[in-house]
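Undergrad: Pasting a structure here, questions to come.
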Amino acid sequence: MDAIKRQARQAGLLYVLIAATAWIGLLYVPNVLYVVGDAGATADRIRASEWLLRAGIATELFHQIVQIFLVLALYRLFKGVNEALAQQLVILGALVSVPIVLVNVLNEVGALTLVGGDDFLAPLPRPQLDALAYLFLRLHSRGIAIAAIFWGLWLLPFGLLAIRSGFIPRALGFLLLVAGCAYVLDSTTALVLPRYANAVSSVAGVLEIAEVPIILWLAIWGARARSAGAASPS
């Protein structure tokens with residue numbers, strides 16, 4: 001049991017590290033720099049605070065690298081519970097979503113290049129450069145929406161594993177299922193039915209918070225004694 005608790009706490013600490021950094025590039029930087037519908041104002045803000053966009057890029061790269069180690073830690077923790085579900089967790093939580101986010105960072109790099117005033121861009125007028133930079137930023141936000149579908153999907157096998165494990169409270173597993181469905185619904189609506197995005201996001205955004213309890217549980221308590229007959233992770 002001590003080994004399971006140690007593995008769970010290691011996963012929890014990695015999870016906390018992601019939660020503590022992901023909001024910078026995914027929420028804070030866009031809210032500060034992006035002016036909806038105004039390419040020129042957005043470009044001016046980036047020029048004035050280029051370091052902030054670079055910080056957002058750095059945090060995106062960082063928390064996705066940590067995500068890889070988190071998923072591997074959870075695989076080791078749960079593989080004895082159900083190998084197939086643990087493999088799904090790895091595929092959806094790292095092998096698919098992480099490359100999407102890492103490649104998507106190139107859109108922000110492209111926006112930085114366009115507003116940077118490099119000599120080779122001199123033939124293009126500034127309004128055109130600003131518009132192209134804004135386009136790259138919009139593509140980045142759409143890329144995040146695509147990645148968020150998999151941020152939801154990976155919580156589904158994670159939730160089922162928590163429910164079946166015997167060393168994680170079943171309620172936390174059900175909360176993960178709720179959060180996973182909310183992520184998928186929120187992102188899919190934004191991409192496919194944008195006119196309903198705000199209405200869906202107002203509800204789904206609250207339900208996504210259901211992911212937080214498992215983070216705190218793993219980091220603080222790790223695992224509890226398994227109930228009789230529960231699988232024993234190797």
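Undergrad: For the range 101-222, report the convex hull volume of the alpha-carbon atoms normalised per residue, in Å³, without decimals.
TA: Working: hull volume 15.2 nm³, N = 122.
For the range 101-222, the hull spanned by Cα atoms encloses 125 Å³ per residue.
Undergrad: Tell me the label-point distance for the pair Leu139, Arg170, using the 7 Å Cα-to-Cβ offset, in nm and rounded to one decimal.
TA: According to this spin-label approximation, the distance is 4.8 nm.
Undergrad: Sorted by mean Cβ packing within 10 Å, highest first, what order do the peptides 33-41, 148-156, 61-69, 11-19 take?
TA: Values: 33-41: 14.6, 148-156: 23.2, 61-69: 17.7, 11-19: 19.8.
Highest-to-lowest ranking by the protection proxy: 148-156, 11-19, 61-69, 33-41.
Undergrad: Same structure again: Calculate what fraction, in whole %, of the accessible area of the range 1-106 sits on carbon and sulfur atoms when a 1.4 Å probe is rolled over the protein chains.
TA: 67 percent
Undergrad: What do you get for Rg/Rh of the range 45-119 when both radii come from the Cα atoms and Rh is the Kirkwood radius? Display every interim value, and only then the final one.
TA: Values: Rg = 17.1 Å, Rh = 14.2 Å.
Rg divided by Rh gives 1.20.
Undergrad: For the pair Leu72 and Val36, how long in nm is the line joining their label points, each one 7 Å along Cα→Cβ?
TA: Distance between the two pseudo-spin positions: 4.0 nm.
Undergrad: Could you compute how fast the chain diffuses translationally, taking Rh as the Kirkwood radius over C-alpha pairs and applying Stokes-Einstein at 25 °C with viscosity 0.890 mPa s? Give it in µm² per second. Intermediate results must be reported in sequence, preceding the final value.
TA: Numbers: Rh = 19.0 Å.
So the translational diffusion coefficient is about 129 µm²/s.
Undergrad: With each label point set 7 Å from Cα along the Cα-Cβ vector, what nm distance links Leu13 and Trp51?
TA: Modelled inter-label distance: 3.1 nm.
Undergrad: Separate question: Taking Rh as the Kirkwood radius, which is the inverse of the mean 1/r over Cα pairs, what is the Rg/Rh value for the range 1-129?
TA: Details: Rg = 19.4 Å, Rh = 16.9 Å.
So for the range 1-129, dividing Rg by the Kirkwood Rh gives 1.15.
Undergrad: Leaving out ligands and nucleic acids, note down the accessible area per residue over the range 1-69 with a 1.4 angstrom probe, in whole Å².
TA: Working: 3600 Å² over 69 residues.
Spelled out: the 1.4 Å probe surface of the range 1-69, per residue, equals 52 Å².
Undergrad: Same structure again: In whole percent, how big is the carbon plus sulfur part of the accessible area of the range 107-184, probe 1.4 Å, protein atoms only?
TA: About 71 percent, which is the carbon plus sulfur part of the accessible surface.
Undergrad: With each run of n ≥ 4 DSSP H residues scored as -39500 (n - 2.57), what mean residue ellipticity at 222 nm is computed for the chain after dividing by its residue count and rounding to the nearest 500 deg cm²/dmol? Before the final figure, lay out the partial values.
TA: Numbers: 11 runs with 175 residues, N = 234.
Taken over the chain, the calculation gives -25000 deg cm²/dmol.
Undergrad: A follow-up question, please. Could you work out, for the range 21-86, what percent of all Cα-Cα pairs fall into each 5 Å distance bin, beginning at 0 Å and stopping at the bin that holds the largest distance?
TA: 4, 17, 18, 15, 11, 9, 8, 7, 6, 5, 1
Undergrad: Quick one: check the C-alpha center-to-center distance for the range 35-50 versus the range 147-179, whole angstrom.
TA: Centre-to-centre (Cα) distance: 39 Å.
Undergrad: Send over a whole-number figure in Å² for the accessible area per residue of the range 76-189, probe 1.4 Å.
TA: Working: 4830 Å² over 114 residues.
Counting only protein heavy atoms, the per-residue value for the range 76-189 is 42 Å².
Undergrad: Quick one: grab Rg to one decimal and Dmax as a whole number for the range 140-184, Cα atoms only, in Å.
TA: Answer for the range 140-184, Rg first and Dmax second: 11.9, 40 Å.
The values are calculated or read from the model by the stated rules, or taken from the named source; none is laboratory data. Quick caveat: nothing in here was measured; it's all calculated off a predicted structure. All Cβ positions, even for glycine, are placed from backbone atoms using ideal geometry, and neighbour counts span all protein chains on display. Note: accessible area is taken over every heavy atom of the protein model, side chains too, but ligands, DNA and RNA are not part of it. Shrake-Rupley method; radii C 1.70, N 1.55, O 1.52, S 1.80 Å.
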